[in-house]
Amino acid sequence: MRLENFKRNVKYIVDKNSKRRSESDHLVGLNNFADMSNEEFSQVHTSKIKMPFNQQNKTAISANSCVAPPSKDWRKHGVVTEVKNQGACGCCWAFSACGAIEGINALVTGELISLSTQELVNCDTTNKGCEGGLMDPAFKFVINNRGIDSAADYPYTESRGTCSYNKLNKKAVTIDGYQDVAQDESALLCAVARQPVSVGIDGKGLDFQLYAGVTR
């Protein structure tokens, strides 16, 4: 079955890349998901639940409210941690929330600290651990808990376990609020120009499974 999945995905990669119209179109390619069917990939690596998203903190940012640079790579500013792998635990929401908190903390304090996604997976009962979740409840959890531990002290295990109240009481970073960005590209442009942001996307598509980037 793995071989058949691989052959099918290779054919898709060749066909898809041959239809690129410009260098700005994305590429697909072989990666560690290339021997999985799209159904298996979706089951293992994406959220298994649907949760309503009520934007209670929506901003009114528009393209006219900021002067955005032609490009922005927050890695070059030292406010983004290394790429992380959630493995077979569907907790992208926790990685996304931690990434945004890491970024704003680094901008404010000058210190980049990798934060504990495991604390969110184990202790945030509003979300569903490895079964899926959303970033807004994760931000609220960190605010209500008055902080979150570091990844070094409370490391990721790729599974949901019992909440460690000893770790829960350790605060590597704190936040006192968050804002949702209005759902349009101009608002997102302004938000990203100011700081790293947390986003949620539909990652079930085959192009996402086999995504290989963009060449310019």
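Using only the alpha carbon atoms of the range 92-162, find the Kirkwood hydrodynamic radius as the inverse mean reciprocal pair distance, in angstroms to one decimal. Display every interim value, and only then the final one.
Numbers: mean 1/r = 0.0834 Å⁻¹.
Answer for the range 92-162: a Kirkwood hydrodynamic radius of 12.0 Å.
Return the calculated 222 nm mean residue ellipticity for the chain, to the nearest 500 deg cm²/dmol, obtained by summing -39500 (n - 2.57) across DSSP H runs with n ≥ 4 and dividing by the residue count.
Helix contribution divided over all residues of the chain: -10500 deg cm²/dmol.
Using modelled backbone amide H atoms (1.01 Å from N, in-plane), which distant-in-sequence or interchain residues come within less than 5 Å of VAL173's amide H?
ILE148
In the Gaussian network model of the chain, springs joining C-alpha atoms below 10 Å, which of SER159, SER22, SER65 carries the largest mean-square fluctuation?
Comparing SER159, SER22, SER65 in a Gaussian network model of the chain, the most mobile one is SER22.
For the range 141-216, max minus min Cα coordinate along each principal axis, in Å, sorted largest first?
47, 29, 21
Pick from PRO137, PRO70, PRO155 the residue whose mean-square fluctuation is largest in a GNM of the chain, springs joining Cα atoms under 10 Å.
PRO70
Any idea how far the Cα center of the range 77-114 sits from the one of the range 169-199, in Å?
Centre-to-centre (Cα) distance: 12 Å.
Just going by the charge dipole of the chain, with Lys and Arg at +1 and Asp and Glu at -1 on Cβ, which of SER114, SER186, GLY129 is farthest out on the positive end?
Working it through, the farthest residue towards the positive pole turns out to be SER186.
Sorted from fewest to most neighbouring beta carbons within 10 Å, what does the list SER96, SER24 look like?
With the fewest neighbours first, SER96, SER24 line up as SER24, SER96.
Suppose every K and R has +1 on its Cβ and every D and E has -1 on its Cβ; what is the size of the dipole of the range 49-200 about the Cα centre, in Debye to the nearest 20? Write down the numbers at each step before the final one.
Details: 14 positive and 15 negative charges, 19 e Å.
In debye, rounded to 20, the range 49-200 gives about 100.
Given 0.36 nm per residue, what is the gain on full extension from ASN144 to ASP176 after removing their alpha carbon distance, in nm?
10.6 nm
What do you get for Rg/Rh of the chain when both radii come from the Cα atoms and Rh is the Kirkwood radius?
Working: Rg = 18.7 Å, Rh = 18.9 Å.
Using only Cα positions, Rg/Rh for the chain is 0.99.
Relative contact order (percent) for the chain, with alpha-carbon contacts under 8 angstrom and 6 or more residues of separation?
It comes to 30 percent, rounded to a whole number.
Given H placed 1.01 Å from N in the peptide plane, which residues other than close sequence neighbours of ASP180 have an amide H under 5 Å from its amide H?
ASN57, LYS58, THR59
Running a GNM on the chain with Cα contacts under 10 Å, which residue among PHE41, PHE95, PHE139 ends up with the highest mean-square fluctuation?
PHE41
Each reported figure results from applying straightforward, stated rules to the coordinates on display, with no laboratory input. None of the values given here were measured: they were computed from a predicted structure. Counting neighbours? That spans all protein chains shown, and the Cβs are built from the backbone with ideal geometry, glycine included.
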